Amino acid sequence: MEPQLPLCRKCGYDLTGLNDVGRCPECGNPFNSKSGKGMRSSDKEDMYYADRIFRRARTLSLVGFAALVLACGGWVQWLVQGGRAFGVAVAVGLLFLLAALTSFVYEKE
Ligand SMILES: [Zn+2]
């Protein structure tokens, strides 16, 4: 679980390390971190959640493409009984898998 960042609702200033109740040093917006008043950590969490879903979808579709390319390459190779279709498919599939791996790593951030 990512730690929630308490941000000023008005200007988005990071209120970490300040008193539970006070005013934003940036814009003077009153906040209460106990009740969440004047803060927008929940908004940020919604955005974060949507972003995570998008990243997960990107990773999964890249893995899906890799599998599709491998399957097509294997099928073509089987059809023509020779050639380098599967070899090319493996190379392209590996590229997609690499991209998926990169995407997966960045998913955590
Ligand atoms: Zn502010």
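The values are calculated or read from the model by the stated rules, or taken from the named source; none is laboratory data. All of these numbers come straight from a predicted model, not from anything done at the bench. Here Cβ is always computed from backbone atoms with ideal geometry, including for glycine, and neighbour counts include all displayed protein chains.
One table, with the values for the structure above:
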| item | result |
| --- | --- |
| Selection count where residues are touching a residue at least 40 places away in the same chain (Cβ under 8 Å) and surrounded by fewer than 17 Cβ atoms within 10 Å (Cβ to Cβ), scope region 48-59 | 5 |
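Results for (1) within 16 Å of the ligand (Cβ to nearest atom); (2) at pLDDT 85 or above, shown as yes or no for each residue.
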site: ARG9; (1), (2): yes, yes
site: THR16; (1), (2): yes, yes
site: ARG23; (1), (2): yes, yes
site: SER41; (1), (2): yes, no
site: TYR48; (1), (2): no, no
site: ALA57; (1), (2): no, yes
site: VAL63; (1), (2): no, yes
site: GLN81; (1), (2): no, no
